[in-house]
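This report refers to the structure that appears directly beneath it.
The values are calculated or read from the model by the stated rules, or taken from the named source; none is laboratory data. None of the values given here were measured: they were computed from a predicted structure. As a convention, Cβ positions derive from the backbone with ideal geometry for all residues, glycine included, and neighbour counts pool all protein chains shown. For accessibility, only protein heavy atoms count, side chains too; no ligands or nucleic acids. Shrake-Rupley method; radii C 1.70, N 1.55, O 1.52, S 1.80 Å.
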Amino acid sequence: MNIREPYDGIFLIEIPIPTPLRSVNCYLARGRDGWTIVDTGFHTEETELAWHTAFRELGVRPAEVKQIVVTHHHGDHYGAAGWLQQQTGAAVLIL
């Protein structure tokens with residue numbers, strides 16, 4: 001898993017996926033009132049570990065996540081949304 005900050009307060013997190021593509025770009029964005037996740041990866045054990053690692057490395061408590069935004073209806077973009085909602089209590093929004 002790779003994490004980088006392409007813009008101030010917006011972190012790109014490469015979540016591993018079990019396809020030839022190997023990863024999907026997901027984001028954690030810091031807002032005034034908390035964090036937003038954009039896209040989630042498939043729901044796999046590897047995805048869960050990647051999100052736990054990202055939260056730890058960035059110092060984000062799951063309760064600080066206020067919303068989860070899913071950009072489109074592909075499993076690698078929404079698959080872990082329900083699990084992340086359980087972890088964070090955040091609303092899930094689908095564009």
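Miscellaneous remarks
- Subset of segment 40-56 [in contact (Cβ under 8 Å) with a residue 24 or more places away in the chain and open to solvent by 80 Å² or more (accessible area, probe 1.4 Å)]: HIS43, GLU46
- Top-ranked residue of segment 18-38 - restricted to ones that are under 23 Å from GLY79 (Cβ atoms) and over 13 Å from the mean Cα position of the chain (by Cα), ranked as surrounded by the most Cβ atoms within 10 Å (Cβ to Cβ): GLY34
- Among the residues of segment 57-76, those identified as open to solvent by 30 Å² or more (accessible area, probe 1.4 Å) and either in contact (Cβ under 8 Å) with a residue 40 or more places away in the chain or closer than 15 Å to THR36 by Cα (or both) are GLU57, LEU58, GLY59, ARG61, PRO62, ALA63, GLU64, LYS66, GLN67, THR71.
- Test result for GLN85, open to solvent by 60 Å² or more (accessible area, probe 1.4 Å), on the phi < 0 side of the Ramachandran plot and part of a helix (DSSP H, G or I): yes
- Residue list for segment 39-72, filter: outside any loop (DSSP other than H, G, I, E, B) and touching a His at 6+ places or on another chain (Cβ under 8 Å): VAL70
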